[in-house]
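A.B. asks: Quick one: the structure is below, and I'll ask about it shortly.
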Amino acid sequence: MTEVVVWFDDSPCLDLRVSGGKGASLAAMAAAGLNVPPGFVVRADVMASLVDAEALRACARELDWAAAQKLVGACRPPREQIGLAYDRLGGSVAVRSSACAEDSEEASFAGQQETFLEVEGAEDVCDRVVECWASFFSERALFYRSQKGSLDDLDMAVVVQRMIDAEKSGVLFTVDPVARRRDRLLVEAVFGLGEQVVSGEVTPDHYIVDRNGHVKTERLVHGGVLTAEELKTLVTAGTSLEERFGGPQDIEWAIVGDSLFLLQSRPVTTL
């Protein structure tokens, strides 16, 4: 295999078959000129080239997650190429699984595979890449894929993205998924890293706003993480992504000073 990684600003990264759901989404946001932290993707076909693919598929079909993960865990990642790409980024990075099948209109694979934050050093990045690959064959992931996807699917990309030292962060839904209202947006926000929101570790401030960014209801656990101007900036970014991707979006974001960074966008599949 000659090409192991593609960067967000490389045109092949826009291809879901190359970079998976997260990677292709980040590439599309970067191509649109949105403020996306830089990063690269370990291509989706790399893992299958490093293992006995037929043996791995057989384990998956039998839902033998332990044997599948053992096969993947024993593979030797292309450390030189991944290391060179990491050295170009440097510093602390997030390493995120990016399955090619994930987050379609029919199914959301969010949370099925691993994410690692604040990873430093080329060796640790390579080790986390292998753990992301292995997580594609966890008991939970195989069961979900047996219901919603394909057990023959070995295509698993991994996103490596520079970490943002967030002052504020959270998630934005461009609809209200609870009330099922498309004229409302839901914003959840905390001080610091947004993983606290995604993991459920911390109860966030909760805002329901209209499509002009005006607050309709709010629950301020932290006393008001976001200013009115920041809410309007988020709404503008969210509605732009909704239009670009052709449907409601679930967006992870971070704020540093006056800058809004977009970390991920996936379709809302619960309406």
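The values are calculated or read from the model by the stated rules, or taken from the named source; none is laboratory data. Quick caveat: nothing in here was measured; it's all calculated off a predicted structure. We place every Cβ from the backbone using ideal geometry, glycine too, and count neighbours over all the protein chains shown.
A.B. asks: Would you point out the residue of region 61-85, among those that are among the basic types (K, R) and touching a residue at least 40 places away in the same chain (Cβ under 8 Å), that is nearest to E114 (Cα to Cα)?
C.D. replies: Only one residue tops the list, namely R79.
A.B. asks: Looking only at region 1-44, which residues are under 11 Å from L263 (Cα atoms) and of a type in the set (S, T, N, Q)?
C.D. replies: S25, N35
A.B. asks: Checking G83 against (1) farther than 30 Å from S146 by Cα; (2) modelled with pLDDT of 95 or more; (3) in contact with a strand residue (DSSP E or B) (Cβ under 7 Å, 6 or more places away or on another chain): exactly one of these is not met. Which one?
C.D. replies: Of the numbered conditions (1) farther than 30 Å from S146 by Cα; (2) modelled with pLDDT of 95 or more; (3) in contact with a strand residue (DSSP E or B) (Cβ under 7 Å, 6 or more places away or on another chain), the odd one out for G83 is (3).
A.B. asks: Can I ask one more? Is there a residue in region 51-60 that is in contact (Cβ under 8 Å) with a residue 40 or more places away in the chain and among the basic types (K, R)?
C.D. replies: Checked region 51-60: at least one residue is in contact (Cβ under 8 Å) with a residue 40 or more places away in the chain and among the basic types (K, R).
A.B. asks: I'd like to know if region 193-204 contains one or more residues that are over 16 Å from the mean Cα position of the chain (by Cα), of a type outside the set (F, W, Y), exposed (fewer than 13 other Cβ atoms within 10 Å of the Cβ) and farther than 22 Å from V95 by Cα. Before the answer, list the steps.
C.D. replies: Here is the first cut: in region 193-204, the residues over 16 Å from the mean Cα position of the chain (by Cα) are 200-204.
Of the ones still in play, those that are also of a type outside the set (F, W, Y) are 200-204.
Checking the rest, the ones that are also exposed (fewer than 13 other Cβ atoms within 10 Å of the Cβ) come to 200-201.
Filter again for farther than 22 Å from V95 by Cα, leaving none.
Within region 193-204, none of the residues are over 16 Å from the mean Cα position of the chain (by Cα), of a type outside the set (F, W, Y), exposed (fewer than 13 other Cβ atoms within 10 Å of the Cβ) and farther than 22 Å from V95 by Cα.
A.B. asks: Report, by residue number, each residue of region 165-184 that is in a strand (DSSP E or B) and closer than 30 Å to A94 by Cβ. Explain how you work it out, then say what you get.
C.D. replies: If we filter region 165-184 for residues that are in a strand (DSSP E or B), which is where we start, we get 168-173, 176, 181, 184.
The answer is K168, S169, G170, V171, L172, F173, D176, R184.
A.B. asks: Only one residue in G194, G246 is at positive phi and modelled with pLDDT under 95, so which one is that? Working first, answer last.
C.D. replies: Values: G194 fails: at positive phi.
The unique qualifying residue is G246.
A.B. asks: Moving on to the next point. Please enumerate the residues belonging to region 52-78 that are crowded, with 16+ Cβ neighbours inside 10 Å and under 15 Å from C132 (Cα atoms).
C.D. replies: Matches in region 52-78: W65, A68, Q69, L71, V72, C75, P77, P78.
A.B. asks: Which is in a helix (DSSP H, G or I) and over 15 Å from the mean Cα position of the chain (by Cα), of A60, A30? Quick ask: steps written out before the conclusion?
C.D. replies: Details: A30 fails: over 15 Å from the mean Cα position of the chain (by Cα).
Answer to the check: A60.
A.B. asks: Does at least one position in region 129-139 carry a residue that is over 28 Å from L84 (Cβ atoms) and either modelled with pLDDT under 95 or in the same structural domain as G20 (by TED's automatic domain parsing) (or both)?
C.D. replies: Quick first cut of region 129-139, residues over 28 Å from L84 (Cβ atoms) only: 138-139.
Next, only the ones that are either modelled with pLDDT under 95 or in the same structural domain as G20 (by TED's automatic domain parsing) (or both) stay: 138-139.
So far as region 129-139 goes, yes, one or more of its residues are over 28 Å from L84 (Cβ atoms) and either modelled with pLDDT under 95 or in the same structural domain as G20 (by TED's automatic domain parsing) (or both).
A.B. asks: What single numbered condition from (1) modelled with pLDDT under 90; (2) surrounded by 14 or more Cβ atoms within 10 Å (Cβ to Cβ); (3) within 19 Å of the chain's Cα centre (by Cα) fails to hold for L234?
C.D. replies: Answer for L234: the failing condition is (1).
A.B. asks: Here's a check for you: in region 88-113, which residue that is at pLDDT below 70 and surrounded by fewer than 19 Cβ atoms within 10 Å (Cβ to Cβ) is nearest to G247 (Cα to Cα)? Working first, answer last.
C.D. replies: So the first thing to find is which residues in region 88-113 are at pLDDT below 70, and the list is 102-112.
Adding the requirement that they be surrounded by fewer than 19 Cβ atoms within 10 Å (Cβ to Cβ) leaves 104-107, 110-111.
On the way: S104: 11, E105: 9, E106: 13, A107: 14, A110: 17, G111: 21 Å.
Among them, the one singled out is E105.
A.B. asks: What single numbered condition from (1) touching a Ser or Thr at 6+ places or on another chain (Cβ under 6 Å); (2) not in a helix (DSSP H, G or I) fails to hold for G238?
C.D. replies: (2)
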